Amino acid sequence: MDRQRTTCAIVGGGPAGIVLGLVLARAGAEVTVLEKHGDFLRDFRGDTVHVSTMTLIDELGLWDRFADLPWKPIETARVVLDAGAATVADMRRLREPHPFVAMVPQWHLLDMLVAAGEEEPTFTLVRHAEVTDLLRRDGRVTGVRWRDRAGGEGGDEHELAADLVVACDGRDSRVRARSGLPLRDFDVPMDVWWFRLPRGEGEDPAGGLGRLSTGRMVVMLDRGDHYQVAYLIPRGADAEYRQRPIRFLRDDLLALHPWLGERVEGLASWDDVKLLRVTLDRLRRWYAPGLLCIGDAAHAMSPVGGVGINLAVQDAVAAARVLGPVLAAAPPDPAQVDRAAARVQRRRWLPTLLTQTAQRLGHRAVIGAVLGRRETLGRERLPVPLRLLQRVPALQRVPAYLVGVGVLPEHAPAWARRDQDASAKNSSALPSGSVKESAQP
């Protein structure tokens, strides 16, 4: 068995893991990111890059690279009820360098961040590396055991010793499961079907569009040449609903959005519809001696608001700022490493709690009521909060800030920042309707 050593072993090459690795490497800490796949080409991953994440990209000196990626700005979020339409959030009202949410294929974003990380001499990304267990000694996590998936299921096993292991391996985190850390689960009323529909020219709605009617709810995200569609179904109903012909879904979409017309025929079969099983949970303690969990590994988020990736990236930046100076020491002091890991949870606990509480309220008051047919929301008249947002448009800045920026945005530490080009500083004012078309693999 091959045995190696690093200072920080990061499990999972998603946005949180790669951002953490990049920023720690700029502190001079030796980091090894273990990613179980050979590439990042997976469909219907979180493709939203939020306002505060773009500010971070700016601070890291990567805006020019990001600007060259294929993305589509979303500046407004609207909702349509049976009683009428309302604008809920207007990002253009934010006093931020980049007042919009960018829809960018996640594999492009990750490739860009990895390229920046590989410019640092202490950054290593190992692909096809599936972590199978934690290494322990005297009650402390001392590294990970991983299997090389490049050679198939029977790949060689390796051990990687580390002063700190950071779990960034998502809502189904194997590291979290092996750690034994106590987890709190919350009830959710829905699962989500993801699929694409063509977007036409001219009058098709731009930005984000939600549609609610009794028993039905669908969200459409403008990707330029197509819509990325989230169709909400009652929790656990996927198998039952798929017994029906695909026409069931097409007819439901037409009932909600008649303007879609023949485009619903693009759903040829249930193979075009992908299921996201929604989970909402939170570790009571994110750390153990030699171990830290962040992002979805510490707190799986509901898709409500699309804030999961943004929160995970903020976790990563906070963790890097706290851990960087400790891990850059040679050798790192285990007691200082553990104290720093505890500080990360203290820093990120409140924004996580507030965000999940807001999501749970949305589940109970809106999604659960609509899907459970307990309430005819907005059938005859828009609810009071929506009427207020239309009467005082300046208030649309509040939900825009909470979704786009977040409760506690994190900034790159001074030692991780790089000079920016002048083009980065002039990029915020995208004209309405600007499009950088999303490429498909």
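The values are calculated or read from the model by the stated rules, or taken from the named source; none is laboratory data. Remember, predicted model here, so these are calculated numbers, not experimental data. All Cβ positions, even for glycine, are placed from backbone atoms using ideal geometry, and neighbour counts span all protein chains on display.
Restricting to region 131-150, and then to whatever is among the aliphatic types (A, V, I, L, M) and part of a strand (DSSP E or B), can you tell me which residue is surrounded by the fewest Cβ atoms within 10 Å (Cβ to Cβ)? Checking each candidate, the answer is 135.
Against the definition (surrounded by 21 or more Cβ atoms within 10 Å (Cβ to Cβ), within 28 Å of residue 57 (Cα to Cα), out of contact with any Leu (no Cβ under 7 Å at 6 or more places or on another chain) and small (Gly, Ala, Ser)), how does residue 102 come out, yes or no? Yes.
Every test in (1) out of contact with any Pro (no Cβ under 7 Å at 6 or more places or on another chain); (2) in a loop (DSSP other than H, G, I, E, B); (3) over 23 Å from residue 26 (Cβ atoms) is passed by residue 330 save one, and that test is (3).
Looking for something out of contact with any Asp or Glu (no Cβ under 9 Å at 6 or more places or on another chain) and within 18 Å of residue 402 (Cβ to Cβ) - is there at least one such residue anywhere in region 70-77? No, region 70-77 has no match at all.
Please specify each residue of region 280-322 satisfying the condition of being hydroxyl-bearing (Ser, Thr, Tyr) and either within 14 Å of residue 10 (Cβ to Cβ) or not in a strand (DSSP E or B) (or both). Show your work before the answer.
Step one: of region 280-322, the residues hydroxyl-bearing (Ser, Thr, Tyr) are 287, 302.
Passing the criteria: only 302.
Going through region 160-179 one residue at a time, which ones are surrounded by fewer than 17 Cβ atoms within 10 Å (Cβ to Cβ) and touching a strand residue (DSSP E or B) at 6+ places or on another chain (Cβ under 8 Å)? Write out each step before concluding.
Of the residues in region 160-179, the ones surrounded by fewer than 17 Cβ atoms within 10 Å (Cβ to Cβ) are 161, 172, 177.
If the condition is that a residue be surrounded by fewer than 17 Cβ atoms within 10 Å (Cβ to Cβ) and touching a strand residue (DSSP E or B) at 6+ places or on another chain (Cβ under 8 Å), then 161 is the only one that fits.
Screening the candidates 31, 79, 49 for the property of being closer than 30 Å to residue 134 by Cα and in contact with a helix residue (DSSP H, G or I) (Cβ under 9 Å, 6 or more places away or on another chain) yields one hit, 31. One residue is enough: does region 107-121 have a residue meeting the conditions under 29 Å from residue 289 (Cα atoms), surrounded by fewer than 21 Cβ atoms within 10 Å (Cβ to Cβ) and within 24 Å of the chain's Cα centre (by Cα)? Yes; the residues of region 107-121 include at least one that is under 29 Å from residue 289 (Cα atoms), surrounded by fewer than 21 Cβ atoms within 10 Å (Cβ to Cβ) and within 24 Å of the chain's Cα centre (by Cα). Taking region 311-338 as the range and being farther than 14 Å from residue 412 by Cα and under 27 Å from the mean Cα position of the chain (by Cα) as the test, the residues that pass are 311, 312, 327, 337, 338.
I'd like the full set of residues that are surrounded by fewer than 18 Cβ atoms within 10 Å (Cβ to Cβ), modelled with pLDDT of 90 or more and small (Gly, Ala, Ser), limited to region 370-409. Within region 370-409, just 394 meets the criteria. No other residue among 270, 349 is free of Cβ contacts under 8 Å to residues at least 24 places away in the same chain and surrounded by fewer than 21 Cβ atoms within 10 Å (Cβ to Cβ) apart from 349.
Those strands (runs of 3 or more DSSP E) of region 1-82 in which 2 or more residues are modelled with pLDDT under 95, touching a Lys or Arg at 6+ places or on another chain (Cβ under 8 Å) and farther than 21 Å from residue 225 by Cβ occupy 76-81. Highlighted here are the strands (runs of 3 or more DSSP E) found entirely within region 187-264 that include at least 3 residues which are in contact with a Phe, Trp or Tyr (Cβ under 7 Å, 6 or more places away or on another chain) and at negative phi: 190-198, 216-222, 226-234. May I ask you to verify whether residue 242 is more than 26 Å from residue 100 (Cβ to Cβ), touching a helix residue (DSSP H, G or I) at 6+ places or on another chain (Cβ under 6 Å), of a type outside the set (Phe, Trp, Tyr) and not assigned by TED's automatic domain parsing to the domain that holds residue 297? Judged against the criteria, residue 242 is a match. Say whether the condition of being buried (at least 21 other Cβ atoms within 10 Å of the Cβ), among the hydrophobic types (A, V, I, L, M, F, W, C) and part of a helix (DSSP H, G or I) is met by at least one residue in region 353-365. Within region 353-365, none of the residues are buried (at least 21 other Cβ atoms within 10 Å of the Cβ), among the hydrophobic types (A, V, I, L, M, F, W, C) and part of a helix (DSSP H, G or I).
If you check 344, 307 for being closer than 30 Å to residue 59 by Cα, under 17 Å from the mean Cα position of the chain (by Cα) and not charged (D, E, K, R), only one passes: 307.
Inspect region 156-176 for any residue being under 22 Å from residue 364 (Cα atoms), touching a residue at least 60 places away in the same chain (Cβ under 8 Å), touching a Gly at 6+ places or on another chain (Cβ under 8 Å) and of a type outside the set (Phe, Trp, Tyr) and give the result as yes or no. Step through it out loud before you land on a result.
Initial filter on region 156-176 (under 22 Å from residue 364 (Cα atoms)): 171.
In the following step, the residues that additionally are touching a residue at least 60 places away in the same chain (Cβ under 8 Å) were identified as 171.
Next, only the ones that are touching a Gly at 6+ places or on another chain (Cβ under 8 Å) stay: none.
No, every residue in region 156-176 fails to be under 22 Å from residue 364 (Cα atoms), touching a residue at least 60 places away in the same chain (Cβ under 8 Å), touching a Gly at 6+ places or on another chain (Cβ under 8 Å) and of a type outside the set (Phe, Trp, Tyr).
Could you list, in sequence order, the residues of region 140-156 that are out of contact with any Asp or Glu (no Cβ under 8 Å at 6 or more places or on another chain) and modelled with pLDDT under 95? 150, 151, 152, 153, 154 - these are the residues of region 140-156 that are out of contact with any Asp or Glu (no Cβ under 8 Å at 6 or more places or on another chain) and modelled with pLDDT under 95. Just so you know, in region 105-120 the residues that are in a loop (DSSP other than H, G, I, E, B) and in contact (Cβ under 8 Å) with a residue 40 or more places away in the chain include one that is farthest from residue 62 (Cα to Cα), and it is 105.
Scanning region 410-441 for residues that are under 21 Å from the mean Cα position of the chain (by Cα), of a type outside the set (A, V, I, L, M, F, W, C) and at pLDDT below 95 gives 436, 437, 438, 440, 441.
Residue count for region 192-229 satisfying the condition of being surrounded by 17 or more Cβ atoms within 10 Å (Cβ to Cβ) and of a type in the set (Asp, Glu): 1.
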